[in-house]
1. Find how many whole Å separate the alpha carbon centroid of segment B:1-78 from the alpha carbon centroid of segment B:97-149.
2. Could you list B:Asp138, B:Asp171 so that the one with the fewest beta carbons within 10 Å of its beta carbon is first and the one with the most is last?
3. Which of the DSSP-defined H helices in chain A satisfy a minimum axial length of 30 Å, computed from C-alpha atoms, and a minimum mean Kyte-Doolittle hydropathy of 1.6?
4. How high is the relative contact order of segment A:3-241, given as a whole-number percent (alpha carbon pairs under 8 Å, six or more residues apart)?
5. Calculated from DSSP H runs of 4 or more alone, at -39500 (n - 2.57) each and per residue, what is the 222 nm mean residue ellipticity of chain B, nearest 500?
6. If you fit an axis through the alpha-carbon atoms of helix B:179-196 and take the longest principal axis of the Cα set of chain B, what angle between them do you get, 0 to 90°, nearest 10?
7. P(r) of chain A in 10 Å steps, Cα pairs, percent per bin?
8. Between A:Asn45 and B:Asp208, how many nm apart are label points set 7 Å from Cα along the C-beta direction?
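Read-outs: derived from the displayed coordinates by stated rules, not from any lab. The structure presented is a predicted model; accordingly, all values stated were derived computationally and were not measured. Methodologically, a virtual Cβ is constructed for each residue, glycine included, from the backbone with ideal geometry; neighbour enumeration extends over all protein chains shown.
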Amino acid sequence: MQPLLYDNTLDTLFMVWWSTFYAVLFGIPVGVLLHLTERGALLQNVVVNKVLGAIVNIGRSFPFLILIVVLIPFTRLVVGVSIGPTGAVVPLAIAAIPFFARLVEAALREVDKGLIEAAQAMGGGTWTIIFKVLLPQALPALVAAVTTTVITLIGYSAIAGAVGGGGLGNLAYTYGYQQYETSLMITTVVELIVLVTLVQLLGDLIVRRLAGRGTRASSVRVGLRRLRTSVDEATLGTVDAA
Amino acid sequence: MITTTGLTKVYRSGDREVTALDGVDLHVREGEVYGVIGQSGAGKSTLIRCLNLLERPTSGTVTVAGQDLTALAGRGPRANAALRAARSHIGMVFQHFNLLSSRTVQDNVELPLEILKVDRRERSRKALELLDLVGLADKAQAYPGQLSGGQKQRVGIARALAGDPKVLLSDEATSALDPETTRSILQLLRDLNRQLGLTVVLITHEMDVVKTICDSAALMKNGRVVEQGTVAELLATPGSELARELFPVGGEPSGDDRTVVDITFHGSAATRPVISELARTYNVDISILGAAMDTVGGKQIGRMRIELPGRFEENVVPIGFLREQGLQVDVAAVAEAADTTGTDPAAQPAIPVPAAPLEKEAAK
Ligand SMILES: Nc1ncnc2c1ncn2[C@@H]1O[C@H](COP(=O)(O)OP(=O)(O)OP(=O)(O)O)[C@@H](O)[C@H]1O
Ligand SMILES: [Mg+2]
């Protein structure tokens, strides 16, 4: 029983790690592009903004279970298999990219316009503004966004697990639900809760470190409170969607 | 150093149009501190943002250091390489400092140098040198969040100087600061202007700022420059609103049937006993409503508001006498007196006034 739990935990971590990796890898450029093509922004482009926004919205409104099924051919094409932890990474990442991209967009929107203007006034171009102003200034909010995404993915990976993706969700489903091993199911759920809590604590710690750089204590606290509420809202939103 | 011709900016939002700039011709000479003053919404920020083309003018041209930026910028909405290169040699400081909270003070000053692709060693050397210049050498490793407002603005100034600019633009750089700090920042700008020969254009809504450090000034109203010139020229211009604001003399007339006259003393005229001479020669009773001495633009100047009995037309001769003494005489626009007699104070007797012509001759 214990090795079973251990193996499935590893599977869950595997799925969450890689899907987060791809969510960040693709979500940041998409989020940046969404932000920069907004009306009045640096690369204002209504068409690109609307099209990209629509794709992101479609991706976000797809029920995850259906997404897995719809993506099966694509998953097989990309990773060769459509089930197991490896097969689950594809739909998880596809679901997480638009989610994370929106969080990135929101984080960038909070960056003071005056800073962009200052960079422009010193002769900075678009790349300078992205890499030296927008992303570094939004870093604490981006870390908070990653935290939210990881937690969301832990939840999603359990769903993926239940339909053959492996991991803790699978364990809870096959042993706990189908074979009435209540204790195992409870253990699994507790482990998921612990996992989520640890991720949130770690994320908050990093955010606090980053946001705390050289600011006075009071402003840090206010900033953190805001971040945390936005994280809570985001998490609630996904629970509903899932 | 900076010339704009017919600079116009119209903001369109939906079917609403706001003309923020309406044909502005600005002339800023090399090495001077030039103040632009005006009420909120007059278009000051729009003007200064047009000087480095952060804002694209709807029409008109902007020339900075002999370079026509409007021609350089091309048509597209994005800044091309040529415009960006030109901008990197025009410093700008902001009301809210606009420092990156994610970078240390030194790294903030290095940012423009990174944009100019200066190598790391040189960047660091230059940033430290500039921080030393603004008196913040010991704060290089601090974060902006750990500094006071005045210190942040010093960092902002150091950053603006990193590209070795010939021109520094300042939009309300002291408006977020207390009076004491304001003075020290103005002093710093003055020093930089003198030491580096930096041309400074500053926007403000405080007359005191103009009075303290400006060589020239412009007054904006509704998107237009209604007065501009050196401070001396402005003070010597009869009826100049800026001069009156720069150097106000208070005092209300004691009754309707009085003529109020503002007298400005420059140089040697200040030492002659003109008032008692006037009283003796014409046998008039003169009340002094207000008077002040001050230093404006580095020159001693005196102003006095006096009251003569009787209406303007009864006082044409004494006023003429004052003008003959080489004084600058403004018949104050006291509405009651002027309206009832139908005398427009602007339609003064054609006695020559030692006034330098205002506006737009000889830039540079
Ligand atoms: N981006 C914009 N879109 C539309 N209207 C604008 C915009 N920026 C400025 N305006 C308008 O242009 C006019 C001039 O604004 P500007 O900011 O230049 O005034 P200002 O003299 O700097 O005022 P303040 O002293 O309050 O800073 C105002 O009527 C303002 O509402
Ligand atoms: Mg303004």
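1. Distance between centres, Cα-based: 29 Å.
2. The most exposed by this proxy come first: B:Asp138, B:Asp171.
3. Once both thresholds are applied, what remains is A:182-211.
4. Relative contact order for segment A:3-241 comes out at 24 percent.
5. That comes out to -9000 deg cm²/dmol.
6. Taking the Cα atoms of chain B, the angle to B:179-196 is about 70 degrees.
7. Percent of Cα pairs in each bin: 7, 29, 31, 21, 9, 2, 0.
8. Distance between the two pseudo-spin positions: 5.0 nm.
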